[in-house]
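A quick write-up on the structure given underneath.
The values are calculated or read from the model by the stated rules, or taken from the named source; none is laboratory data. All figures in this text were calculated on a predicted structure; none of them were measured in a lab. Glycine also receives a Cβ, built like all others from the backbone with ideal geometry; neighbour counts cover every protein chain displayed.
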Amino acid sequence: MHLTGLDLLFWAAGLGAHFILLAVLLIRRRFLVFPIFTAFVVSNIGRTVALGLVELYGTKASYFYTYWSLAILDTLLQLSVVYEMYSLTFRPRGGWADDLRGALVWLIAVSVVVAAGLTWLATPRARLWMQVLVIKGTFFSSVCMSELFVGMIVLAVRTGLPWRTHVARISQGLGVYSTIDVLIPFPAVDLPKMPRTVDW
């Protein structure tokens with residue numbers, strides 16, 4: 001695979017942004033408040049470095065399987081970050097607010113049903129079951145995250161619960177990221193064609 005100058009620029013910019021974010025989390029000791037989000041950032045750095053090394057020294061097949069294996073971890077961590085943001089917003093004193101349980105269950109159920117319906121309708125072009133699983137899993141988590149972050153903001157404002165600045169910034173950033181993920185069409189990945197760029 002040949003990386004263009006633009007590919008390398010995006011790769012370096014993404015890696016640099018994740019290092020800056022990790023530095024902020026460590027210097028301000030926010031990793032104690034957001035351990036799952038910190039693990040998500042560290043995972044993105046590790047994935048970018050691993051894919052960069054495989055791109056330089058590995059084969060197309062090793063890049064392909066490394067890319068899709070790490071994508072499964074990324075999807076699981078994204079869903080875990082949603083839980084972390086919800087728990088920090090709706091458990092300000094260590095327990096879930098009683099009057100919100102019904103609204104949260106309803107919101108989660110609707111989000112899962114809508115995301116599952118859209119995922120079922122989606123037809124990514126892929127040859128391997130792992131590709132289909134990861135592409136659909138990433139799409140499902142992106143739709144779910146977009147809905148859940150919007151719902152979280154609405155519920156927090158409606159109930160007057162504390163909307164912490166750091167939780168709000170992380171939630172807004174991941175909400176925008178998830179929405180962009182939903183809007184980007186499924187990649188057409190065939191077995192002979194590996195992903196063109198290092199994931200950032």
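Every condition in (1) farther than 18 Å from Leu77 by Cα; (2) surrounded by 16 or more Cβ atoms within 10 Å (Cβ to Cβ); (3) touching a Lys or Arg at 6+ places or on another chain (Cβ under 8 Å); (4) modelled with pLDDT under 70 is met by Asp199 except one, and the failing one is (1). Take region 15-38 and flag every residue that is under 21 Å from Leu79 (Cα atoms), assigned to a helix (DSSP H, G or I) and in contact (Cβ under 8 Å) with a residue 40 or more places away in the chain. Result: Arg30, Pro35, Ile36, Phe37.
How do the pairs read when you match residues in region 51-78 that are over 30 Å from Gln172 (Cα atoms) and in a helix (DSSP H, G or I) with residues anywhere that are modelled with pLDDT of 85 or more and small (Gly, Ala, Ser), using Cβ under 7 Å and keeping only pairs 6 or more apart or on different chains? So the pair list comes out as Val54/Ser62. For region 25-61, residues that are within 17 Å of Ala12 (Cβ to Cβ) and among the charged types (D, E, K, R) total 2.
The sole residue among Leu104, Leu9, Leu53, Leu32 that is at pLDDT below 85 and surrounded by fewer than 16 Cβ atoms within 10 Å (Cβ to Cβ) is Leu9.
Within region 114-130, does at least one residue satisfy the condition of being closer than 17 Å to Gly175 by Cα and surrounded by 15 or more Cβ atoms within 10 Å (Cβ to Cβ)? Yes, the conditions are met somewhere in region 114-130.
Of all positions in region 162-171, none carries a residue that is at pLDDT 80 or above, at negative phi and not aliphatic (A, V, I, L, M). State all residues of region 12-29 that are touching a helix residue (DSSP H, G or I) at 6+ places or on another chain (Cβ under 6 Å) and either at pLDDT below 85 or over 15 Å from Ile170 (Cα atoms) (or both); if no residue qualifies, say none. Answer for region 12-29, where residues must be touching a helix residue (DSSP H, G or I) at 6+ places or on another chain (Cβ under 6 Å) and either at pLDDT below 85 or over 15 Å from Ile170 (Cα atoms) (or both): just Leu15. Among the residues making up region 56-68, a single one is among the small types (Gly, Ala, Ser) and surrounded by 15 or more Cβ atoms within 10 Å (Cβ to Cβ): Gly58.
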